[in-house]
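To start, the structure itself, in structure tokens.
The values are calculated or read from the model by the stated rules, or taken from the named source; none is laboratory data. The structure displayed is predicted, hence computed values, not measured ones. Please note: Cβ atoms are built from the backbone with ideal geometry, for glycine as well, and neighbour counts cover all protein chains shown. SASA here: full protein model, heavy atoms, side chains in, ligands and nucleic acids out. Shrake-Rupley method; radii C 1.70, N 1.55, O 1.52, S 1.80 Å.
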Amino acid sequence: MYFKIEYISKGKMQEIVISAKTVKDAISKFRKKNLGVLINIAEYKKPSLAEEIVKKLDLAKIDLEEYIAILDQLYVMLDAGLAIDMVIGNIKDSIKNKQLKKIFISIENDIKAGFSLTNAFEKFEKELGKLTISMIKLGEETGDLARAIKDLSVILHEILDNRKRLKKATRYPMFIVFAMMVAFTVVILFVIPPFKSMFAQLHTELPLPTRFLLWIEATIENYGMYVLLGAVFVFLIITYMYNKDENIRLKMDKFILKVYIVGPVIRLAMTGRFVYVLQRLIDSGIPILDAVDIALNIIDNLYIKKQFELIKNSIVTGGTIKQGFEESGMFENMTVQMIGAGEESGSLVLMLQKVSNYYLEKYRYIVDNIAVLIEPILIAAIAGFVLTLALGIFLPMWNLTEAIK
């Protein structure tokens, strides 16, 4: 049997799963570990292998759109003067996402047990992000929790809008690529093979394009499953190395920034997100060093994150914010000068807002024009696809008369 024990350690709520025959044995084992003060113990059902795999692959993610809607509800109720335990209790019943529902049930239980909202949220930093924890903590420290939650909602909403815009822009090119793959597979498996048997009976040599298509058909028919398994294996190995080895991840993230269209989109998205969150955090009252530290945690690309860390290092060593932005090498000279002017005049938040809007407009422009930018590549791919099929199919037909003679 397994038992989950909740306990307090260093002022924070923690939990541990212990294997024991009875509750008494579980308590005894817990006390021998000297972890903290026991609060609650309950029988725990160990997750199945499938559930463990899902958890490790992070498939049970929270729904960001629903999470933002929850934050908006929290803001409205708190702004109306309702108690936080009553607010959480009312909201949790209407949550549809299973992961979010579990999180808010746990938060409600912790609040009823006397813990602060920050301590209750800190248990779910991995799921909700460091940004959420910092904004909740800011709200409790300043006594204006409603505004902190509203600011958090605004930040996450902007990030979600940018993601949706990117998905919408890439939908058409992805559809074209998928349609080409389906058409190519159908032709290879169902159109080309009849030519093979026909020409085999006539004892004539097939044209090179047709032989190429037949080679692909034979590979798919005889080794298709092995190719698929090999591709999946290589993908899993690369993913594992990417997640485990920081040097490999750094090199891959740096390389992807050089890829046509993909690189500029990622660079503008990460840069704009960093500046936007930094501006909102500083405007909310968070010290600039803490604001930079929090903003760094929402950057997915490791190379860009390493470059942005130079901003933090500049502040820690007594330098200016402008120097940090300049040393990072990720910002244009115009934006660096704007940051410097804002720092000197005391209007840093205003300048950060303008820089954020600048990068946001650039990001939206390139995303809205992805279809136009990628059109030459798609046209070339379609042309090559059609030419290969045309030569592979029609050349044998043109040679058919000679073969019959």
Margin query: Per-residue counts of other Cβ atoms within 10 Å, averaged by peptide: what ranking do you get for 217-229, 364-376, highest first?
Written below: 364-376, 217-229
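For the chain, what is the calculated [θ] at 222 nm in deg cm²/dmol (nearest 500), taking -39500 (n - 2.57) for each run of four or more DSSP H residues and dividing by its residue count?
After summing the helix terms and dividing by residue count, I get -25000 deg cm²/dmol.
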Notebook entry, point to check: On average, how much accessible surface per residue is there in the chain, in Å², for a 1.4 Å probe, leaving out ligands, DNA and RNA?
Noted result: 59 Å²
Item checked: 5 angstrom amide H check on residue 15, placed H, neighbours 5+ away -> 7
Next item on the list: Keeping the other protein chains in place, figure out the carbon and sulfur percent of the accessible area of segment 170-294, with a 1.4 Å probe.
Entry: 71 percent
Notebook entry, point to check: Where a ≥ b ≥ c are the square roots of the eigenvalues of the C-alpha gyration tensor, would you call segment 140-276 rounded, which needs a/c under 1.5, or, failing that, prolate if a/b is larger than b/c, or oblate?
Noted result: prolate
Check: How large is ³J(HN,Hα), in whole Hz, for each residue of segment 72-81 in order, when computed from phi with the Karplus curve 6.51 cos²θ - 1.76 cosθ + 1.60 and θ = phi - 60°, using x for Gly and Pro?
Finding: 5, 5, 4, 4, 4, 5, 5, 5, 7, x
Notebook entry, point to check: Using the Kirkwood formula over every pair of different C-alpha atoms, what hydrodynamic radius in Å results for the chain?
Noted result: 26.2 Å
Next item on the list: Report, to the nearest whole %, how much of the accessible area of segment 297-405 belongs to carbon and sulfur atoms, 1.4 Å probe, protein only.
Entry: 60 percent
Check: Binning every alpha carbon pair distance of segment 331-405 at 5 Å from zero, what are the percents per bin?
Finding: 3, 13, 11, 10, 8, 7, 7, 6, 6, 5, 5, 4, 4, 4, 3, 2, 1, 0, 0
Notebook entry, point to check: For segment 57-169, what is Rg from Cα atoms divided by 2.2 N^0.38 Å, rounded to two decimals?
Noted result: 1.04
Next item on the list: Roll a 1.4 Å probe over the protein heavy atoms and report the accessible area of residue 147 in Å², nearest 10.
Entry: 110 Å²
Next item on the list: If a/c stays under 1.5 just call it rounded; otherwise compare a/b with b/c (prolate if a/b is bigger, oblate if not). Do that for segment 60-114, with a ≥ b ≥ c from the square roots of the Cα gyration tensor eigenvalues.
Entry: oblate
Next item on the list: List every residue whose amide H lies under 5 Å from the amide H of residue 44, counting only residues 5 or more places away in sequence or on a different chain, with H placed 1.01 Å from N in the peptide plane.
Entry: 2, 3, 4
Item checked: Distance violations [Cα-Cα > 27 Å] among 137/362; 92/305; 33/312; 164/362; 306/354 -> 137/362; 92/305; 33/312
Item checked: For segment 257-304, fraction of C-alpha pairs farther apart than 16 Å, in % -> 40 percent
Next item on the list: Can you tell me which of 133-143, 96-106 comes out highest on packing, and rank the rest after it, using the mean Cβ neighbours within 10 Å?
Entry: 133-143, 96-106
